[in-house]
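A quick write-up on the structure given underneath.
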Amino acid sequence: MIALFSSEYCSPVGATAGKNEELTITEALRDPLIAIVMRADGVTSEDFKQLLEAAARELKANLANSSFPPTGGKAT
């Protein structure tokens, strides 16, 4: 699964504390603070989910086409 946010920008809190510093799409959609901001901006959960899934697909495709090894990996 592709994480939504880079650990450089997030801190371990809530559901992700202790296991991973990055939110998954599901966790982001369930986050109460994100929900408040979405409501204030007039963004629906479905619109946000589609945006995040499209971004995840693009990131995955870009990583697959990259010559750089994944984080923690070694170049072959």
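Derivation of every value follows stated rules applied to the coordinates shown; laboratory data play no part. Keep in mind that what you see is a predicted model, and the values were worked out from it rather than measured. Cβ: placed from backbone, ideal geometry, glycine included. Neighbour counts: every protein chain shown.
Structural remarks
- Sequence-ordered 3J(HN,Hα) estimates for segment 57-64 from the Karplus curve with 6.51, -1.76 and 1.60 and θ = phi - 60° stand at 5, 5, 4, 4, 5, 5, 5, 5 Hz, glycine and proline given as x.
- For Thr24, residues with placed amide H under 5 Å, excluding near neighbours: Leu4
- For the listed peptides 39-48, 52-61, 24-33, a ranking on the average number of other beta carbons within 10 Å per residue, highest first, reads 24-33, 52-61, 39-48.
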